[in-house]
Amino acid sequence: MTDKPSVLFVCVHNAGRSQMAAAYLTHLGEGRIEVRSAGSAPADQVNPAAVEAMAEEGIDMSAEIPKVLTDEAVRASDVVVTMGCGDTCAIYPGKRYEDWKLEDPAGQGVAAVRPIRDEIRRRIEGLIGELVG
């Protein structure tokens, strides 16, 4: 059993927003937070524009693969952050839920993904402050 807080990021395709959020939290959290991401209808690959935008920040997401959302992942997480997945995420008592309203980067170029990436980073920095001080 771990004393580390755990966070699950969920979006429909697990190809853009949730992958960027998980990558930022892994990078900026420096091992202090357990990180997961998943999607209710995972894509075949991570959004190339999201991969490129994160590479500009020195974070390599090129090996990431979209994962399917499971009840087990939700149960294992202290905080569940949804990003446009509607009601597809199971609700469990005792979990903290946040819904981050962020534009979907699907089908957009890297220039359009950068502001989404930057907003995710801002929110991740706040989340780290709340979870580990």
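The distance linking the stretch 49-69 with the stretch 112-131 is 15 Å (Cα centroid to Cα centroid, whole angstrom). Distances longer than 23 Å among the Cα atoms of the chain: what percent of all pairs is that? In whole percent, the share of Cα-Cα pairs in the chain beyond 23 Å is 24. Other residues whose C-beta falls under 14 angstrom from the C-beta of Ala112 contribute a net charge of -3, scoring Lys and Arg +1 and Asp and Glu -1. A Förster radius of 22 Å combined with the Cβ-Cβ distance from Glu52 to Asp78 puts the calculated FRET efficiency at roughly 0.10. Which of rounded, prolate, oblate describes the stretch 9-64, given a ≥ b ≥ c as roots of the alpha-carbon gyration tensor eigenvalues and a/c under 1.5 marking rounded, otherwise prolate only if a/b is larger than b/c? Note, shape of the stretch 9-64 comes out oblate. Taken per residue, the accessible surface of the chain reaches 50 Å², heavy atoms only and a 1.4 Å probe. The Cβ shell under 11 Å around Gly29 holds other residues with a net charge of -1, Lys and Arg each +1, Asp and Glu each -1. For Thr82, the residues whose amide H sits under 5 Å from its own are Val10, Glu98, Asp99, Trp100, ignoring neighbours fewer than 5 places away on the same chain, with H placed 1.01 Å from N. In a reduced charge model with +1 at each Lys and Arg Cβ and -1 at each Asp and Glu Cβ, the chain shows a dipole moment near 180 debye about its Cα centre. Counting only Cα atoms, the stretch 44-84 measures 33, 21, 20 Å along its principal axes, largest extent leading. Could you give the angle, 0 to 90 degrees to the nearest 10, between helix 110-132's Cα long axis and the longest principal axis of the Cα atoms of the chain? Approximately 20 degrees, to the nearest 10. Under a Gaussian network description of the chain, with springs only between Cα atoms under 10 Å, the residue in Ala63, Ala73, Ala43 that fluctuates furthest is Ala63.
The values are calculated or read from the model by the stated rules, or taken from the named source; none is laboratory data. Values in this document were obtained by computation on a predicted structure and should not be read as measured data. Cβ: placed from backbone, ideal geometry, glycine included. Neighbour counts: every protein chain shown. Heads up: the accessible areas ignore ligands, DNA and RNA and are worked out on the full protein's heavy atoms, side chains in. Shrake-Rupley method; radii C 1.70, N 1.55, O 1.52, S 1.80 Å.
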